[in-house]
Amino acid sequence: MNCRLLLFICCLSFQLFSQSLDSIAWVYFDNNSSQLRETLHFEILDTNKWEKCVTLTASTDTIGGVFFNQQLSNSRIESVTKVINTQAYFKVCSKISLGENYLINANYSNPLKRSVSITFHKKTIPPTIRTSIFNENDTLFEVGELFILTHIEFVLNEPTIQGKSYKELEKLYTFMLKNPTVCIHIKGHVCCGPGELLSTNRAKKIYDYLVRKGISEKRLSYKGYSNTVLSELSKNPNGPEQRRVEIEITSK
């Protein structure tokens, strides 16, 4: 729990508990009341950390009639909703009105029964994907990473692999042997004009080479991307580095 959330608790008289990716804050009410006892200051929460949508769950104690308590539970959830609707970031996406809450302690006066819980859903941050020069000895790769095969060269305007490129292909083959569960997507690129067929055929040459060497087709896929994706090595759309083959780790 970070300092921001601790401050949130102090200002709102909430009790906040971390549950995996989510956190829950409780707003407590007086007996038979749906009036908020505290001012809720949502602006101190880090909007980079939490999703916009929150879930509200309201409950009452078991004193009084079932119908009255259900209406009271509804009123409490609407009181919190009105406050949330006045601030800029969070919005209520789900409401659960429990009415009488038998699940929390047999003590009828337990304040947890007279509450609305606010569930904040933590944002999932996508992993940073590396694009780097292929190294057959790399052991720190992750799914989604791209590796550029810098020493693969083709005959101009043809999918024919030049002889000096086979040393790099052998390294790729060795990498696949060392990592028998890894699957890769082979991506072909050209530089200076539309060339989807050429880029696809070049990627397929790499695919065919690995299959002939004994790598299972189930571990391989390929596609040509013409000149639609610029190389991370250069933003010059006509540079020679745009004529390249990449592999993407799709499974490990």
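The values are calculated or read from the model by the stated rules, or taken from the named source; none is laboratory data. On a predicted model such as this, the values are computed, not experimentally measured, just so you know. Neighbour counts run over all protein chains shown; Cβ positions are idealised from the backbone, glycine included.
Filtering the range 157-185 down to residues that are out of contact with any strand residue (DSSP E or B) (no Cβ under 6 Å at 6 or more places or on another chain) and of a type in the set (Asp, Glu), which residue is surrounded by the fewest Cβ atoms within 10 Å (Cβ to Cβ)?
Among residues in the range 157-185 that are out of contact with any strand residue (DSSP E or B) (no Cβ under 6 Å at 6 or more places or on another chain) and of a type in the set (Asp, Glu), the one surrounded by the fewest Cβ atoms within 10 Å (Cβ to Cβ) is Glu158.
Go through the range 202-227 and report how many residues are over 13 Å from Leu172 (Cα atoms) and hydrophobic (A, V, I, L, M, F, W, C).
Selection size over the range 202-227: 1.
Within the range 169-186, is there a residue that is in contact with a Ser or Thr (Cβ under 8 Å, 6 or more places away or on another chain) and modelled with pLDDT under 90?
Within the range 169-186 (the criterion being in contact with a Ser or Thr (Cβ under 8 Å, 6 or more places away or on another chain) and modelled with pLDDT under 90), the answer is no, since none of the residues qualifies.
Pairs, please: C-beta under 9 Å, at least 6 apart or cross-chain, first residue within 10 Å of Phe29 (Cβ to Cβ) and in the range 70-82, second basic (Lys, Arg)?
Leu72/Arg114; Arg76/Arg114
Any idea which of Pro194, Pro180, Pro159 is part of a loop (DSSP other than H, G, I, E, B), of a type outside the set (A, V, I, L, M, F, W, C) and farther than 18 Å from Arg244 by Cβ?
That would be Pro180, the only listed residue that is part of a loop (DSSP other than H, G, I, E, B), of a type outside the set (A, V, I, L, M, F, W, C) and farther than 18 Å from Arg244 by Cβ.
Tally the residues that are loosely packed, with under 14 Cβ neighbours inside 10 Å and assigned to a strand (DSSP E or B), restricting the search to the range 53-87.
Matching residues across the range 53-87 total 1.
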